[in-house]
Amino acid sequence: MVLGKKRKIKQQRITEEILDLCNETREAKKRKNISPTQENIANHRSLRTEVKQKCREAKENWIDAQCRTCEDNFKRGQTEQLFTSIKNITRERKHITLVVRNENNENTTEIEQFRKLTFKIYQEAIQTE
């Protein structure tokens, strides 16, 4: 048993290999920022490119597998499983909307006003300390 963080995979198509490459890329970025030699920069760039390429391949393979599953369900006449798999693939994602009250006590969803208000609250918090 290994102690530490358990990596949570948010997308089904991301593999352990891709996560390991992401960790290597993170370490290479730290090395690049500490000592920006040509070797460190090139190493970070190549790892980043490899991660992007692996993610694209994994996404394509995942989509192909989902399509094959849908086709198999259609051929077998398993319409309930077919429609649930299609629903899972095409479901609409919920978007989070920021709602903030501005100085006039009006609700607003504009990002720029949110940033200004957050900055103002941050400055007030620093001044009170």
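Each reported figure results from applying straightforward, stated rules to the coordinates on display, with no laboratory input. Quick caveat: nothing in here was measured; it's all calculated off a predicted structure.
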- Task: For region 16-90, evaluate the Debye formula with one uniform point scatterer on each Cα (no solvent term) and list log10 I(q)/I(0) at q = 0.17, 0.23 Å⁻¹, rounded to two decimals.
- Result: -0.69, -0.93
- Item | Anchor residue 87: lysines whose Cα lies under 20 Å away (excluding residues fewer than 8 positions away in-chain) | 10, 59, 75
- Item | Cα-Cα P(r), the chain, percent of pairs per 10 Å interval | 10, 19, 19, 27, 19, 6, 1
- Query: Top mean-square fluctuation among 116, 30, 87, Gaussian network model of the chain, C-alpha springs under 10 Å?
  - Reply: 116
- Message: Cross-link candidates for residue 116: which aspartates and glutamates have Cα within less than 20 Å, leaving aside residues fewer than 8 places away along the same chain?
- Response: 103, 106, 124
- Message: Restricting to Cα pairs below 8 Å that are 6+ residues apart, what does the relative contact order work out to for the chain? Please round to a whole percent.
- Response: 15
